[in-house]
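Every number in this text was worked out from the coordinates using simple rules, so none of it is lab data. Small disclaimer: the values here were computed from a predicted structure and weren't measured. In this analysis, Cβ positions are derived from the backbone assuming ideal geometry, glycine residues included, and neighbour counts consider all displayed protein chains.
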């Protein structure tokens with residue numbers, strides 16, 4: 001419920017910013033401009049909320065990498081804008097206004113991309129979070145053939161009481177496929193059951209497999 005309220009407030013804030021912008025004297029006076037500004041901001045807020053909803057389980061290290069990427073990107077944009085301001089002042093006013101925005105987009109994307117690709121090599125997470133993670137044992141679980149064929153792992157994971165990442169090695173999948181192709185009827189049934197459990201785990205977007 002609190003998350004729903006937060007999203008509603010976010011949309012209302014976006015609409016409020018739009019109403020503040022349409023009162024600016026710099027905007028064109030065409031009648032469609034106010035609706036375009038307010039509607040665009042509401043659409044942007046709705047898009048952000050939709051991405052938040054459809055992206056299922058969020059990983060703390062990924063969120064941290066995105067956050068630090070934005071911070072570093074914005075800082076570099078600020079520094080480079082100051083350094084390039086003499087050159088920008090000599091050029092066209094429109095280009096000088098758009099240059100920091102384009103520079104910021106490129107730098108933020110580059111920093112986020114680099115940090116997301118190298119997040120396993122650095123510790124961007126607060127130390128006490130890492131310590132708590134080790135205590136709780138949030139290390140990935142490796143599934144073997146017998147566990148998958150048993151099938152109860154799918155029921156347990158779907159209850160969300162297990163928050164760990166699940167890993168199924170390729171040799172386990174190959175062994176399941178070999179059992180499913182067995183000439184023995186009993187083994188073939190067990191193998192197909194294991195493959196069904198595997199597909200069930202794969203099809204759930206909230207399971208990190």
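Quick look at the numbers
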read-out: Over the range 139-203, volume per residue of the alpha carbon convex hull, in Å³; value: 71 Å³
read-out: Chain lengthening between residue 83 and residue 144 when straightened (0.36 nm per residue, less Cα-Cα); value: 16.2 nm
read-out: Distance (nanometres) between label positions extended 7 Å along Cα→Cβ at residue 68 and residue 173; value: 3.1 nm
read-out: Potential extension, residue 114-residue 53 segment - 0.36 nm per residue separation minus Cα distance; value: 19.4 nm
